Amino acid sequence: MTSAYDQHLPRTPANFAPLSPLGFIERTAEVYPDRLAIVHGDLRQTWAQTYARCRQLASALARSGIGKNDTVAVMLPNTPPMVEAHFGVPMAGAVLNALNTRLDPEAIAFMLDHGEAKAVIVDPEFAGTMAKALALRQSQAPLLLIDVEDALYGPASQCLGERTYEEFLASGDPQFAWELPGDEWDAIALNYTSGTTGNPKGVVYHHRGAATNAISNVLEWDMPKHAVYLWTLPMFHCNGWCFPWTVAARAGVNVCLRRVEAQAIFDAIRNHGVTHYCGAPIVHGLLVNAPAAMKEGVPAGVKAMVAGAAPPASMIEGMEKMGFDLTHVYGLTEVYGPATVCAKHEAWNDLDIGERARLNARQGVRYHLQRDVQVLDPETMHPVPWDGETMGEIMFKGNIAMKGYLKNPKATEEAFAGGWFHSGDLAVQYPDGYIKIKDRSKDIIISGGENISSIEVEDVLYRHPDVLAAAVVAKPDAKWGETPCAFVELKAGAQTTADDIVQHCKKHLAGFKVPRAVVFGEIPKTATGKIQKFELRKQAGSATAINV
């Protein structure tokens, strides 16, 4: 029998609209049309101007025959066209594929083919790479190629298309009558995983997830209206953790940054009154370890968000000395970037730095609009005891989870087995419900039958005053099967030896966990600052062993 609550109570346009982040820029342009939206070099662009340009982009794409579920790829740094693409492309009903600008032509060619891109927008800095990628494509389908011009970079080495970005926008209507998606489940973006083995997987985002994560960013950070956000985090990485849409929701300012350099970051903070920025640990470490003279005049109170690895005590202490407020978040490409936050408590302020670092190093609790995140036993799918010791796998459930992997039903089914998204990260859950990663399942080192967490060893390495960056992987060993191999990047001028590192680890770790090999040098990282452990595993086999 139909309930009275379902009778004569229809869902209509009057009482229901699909969730989409596109509504954020529309409202901000209406309410705050003259507020500053984008800063780039000498460019100052208001929200009214930005909204009009996004509509022009959508209109120009539509007039070029690009519509619903067509893929538009962009190879852009953190510049105004990248901000505009996050709105203009989905306003045309299309799906935005922001390409990792650090990838080689072969990887780019694969993504263009796999995503069936109909158009490509390219910055002059990456024209050469894109030209090689286009030549490697398997598909013969025509591509609309659009060249961006940027005075801050200079002329492109070559032009790929027949029109520049500004010429293309001029062909569009600034009053283009775009519409919200017919279904909030419609795709809004395509992001490829890093693909450490085999071809990368195409992660598909929906409008609902993009909107809910963007709003959650506001809530987790208590982000005020008109925040000034510095683009240190690449917008190609999980769509900048959804912050293009978050900044629009708050009528904030997008301060663009072509390159992540300490001087440029401190200058931007001083010159533009930056209030918020995000980045991997390497970015925050860059600032903490910058010369004191470079930090002069930087105002206190800047809010920083870190993800990718737990912030060590030295980073937290260094950020506090600068007067920065650090928030630790955790997530994956499949959950729109950050989907948990280490929500801080006032009582933590009274603790010593070591204890605060221990608490802040946890991955924390679910985002406001994420339905659930728990550590489950992957075999039984039951929650592990909240004892801070029993290991399980971090799993997510709710709005902030991808639609699935493009053209890969098997991987999608495996990822969502049992009604949860399986992260692949091994963790424990504490009595207060906070989660802490112990390792990626593939990064656990099994030595003589004993499990060694690479993260635990890395935490100890970061406590050494001369260590700038550290990573630990398994080194094959005839006797033990595997032993820890430490890769260490030292601070400028440091003279620390391998023996110094080993002796430091012995003070804090059980003997079998101490690295049996130490390799010094620059550690390979992704464009977002994540350490490429798969590259280190290749090197570990030839690393010289140490008698411990």
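The values are calculated or read from the model by the stated rules, or taken from the named source; none is laboratory data. Fair warning: this is a prediction, and the values are worked out from it, not measured in the lab. FYI the Cβ positions are ideal-geometry reconstructions off the backbone, even for glycines, and counts take in every protein chain you see. Surface areas here come from the heavy atoms of the whole protein model, side chains and all, with no ligands, DNA or RNA. Shrake-Rupley method; radii C 1.70, N 1.55, O 1.52, S 1.80 Å.
Does the stretch 331-342 contain at least one residue that is farther than 26 Å from residue 193 by Cβ and polar (S, T, N, Q)? Write out each step before concluding.
Pass one, the stretch 331-342, residues farther than 26 Å from residue 193 by Cβ: none.
No, the stretch 331-342 contains no residue that is farther than 26 Å from residue 193 by Cβ and polar (S, T, N, Q).
Look at the stretch 501-526: where a residue is closer than 30 Å to residue 234 by Cβ and a partner is among the small types (Gly, Ala, Ser) and open to solvent by 30 Å² or more (accessible area, probe 1.4 Å), sitting 6+ places away or on another chain with Cβ atoms under 8 Å, you get 526/194. Under the condition of being open to solvent by less than 20 Å² (accessible area, probe 1.4 Å) and at pLDDT 95 or above, the residues counted in the stretch 429-460 number 4.
A quick yes/no check of all residues on (1) touching a Pro at 6+ places or on another chain (Cβ under 9 Å); (2) closer than 19 Å to residue 76 by Cα; (3) β-branched (Val, Ile, Thr):
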| site | (1), (2), (3) |
| --- | --- |
| 162 | no, yes, no |
| 170 | no, no, no |
| 176 | no, no, no |
| 182 | yes, no, no |
| 206 | yes, no, no |
| 221 | no, no, no |
| 236 | yes, yes, no |
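The stretch 432-548 holds helices (runs of 4 or more DSSP H) entirely within its bounds, and those carrying 1 or more residues that are within 30 Å of residue 395 (Cα to Cα) map to 454-462, 533-540. Does the stretch 29-51 hold any residues that are open to solvent by less than 20 Å² (accessible area, probe 1.4 Å), in contact with a strand residue (DSSP E or B) (Cβ under 8 Å, 6 or more places away or on another chain) and part of a helix (DSSP H, G or I), and which are they? Result: 47, 50. Here residue 59 meets the list (1) outside any helix (DSSP H, G or I); (2) open to solvent by less than 10 Å² (accessible area, probe 1.4 Å) almost entirely, failing just condition (1). If only residues of the stretch 312-324 that are buried (at least 18 other Cβ atoms within 10 Å of the Cβ) and not in a helix (DSSP H, G or I) are counted, the one that is modelled with the highest pLDDT is 324. Do the conditions hold for residue 474, that is, is it crowded, with 21+ Cβ neighbours inside 10 Å, out of contact with any Phe, Trp or Tyr (no Cβ under 6 Å at 6 or more places or on another chain) and not acidic (Asp, Glu)? Here the answer is yes, as residue 474 does meet what is asked.
Within the stretch 146-159, being in contact (Cβ under 8 Å) with a residue 40 or more places away in the chain and not charged (D, E, K, R) holds for 148, 151, 152, 153. Inclusion of residue 62 among residues that are more than 22 Å from residue 121 (Cα to Cα), out of contact with any Asp or Glu (no Cβ under 7 Å at 6 or more places or on another chain) and small (Gly, Ala, Ser) is not warranted.
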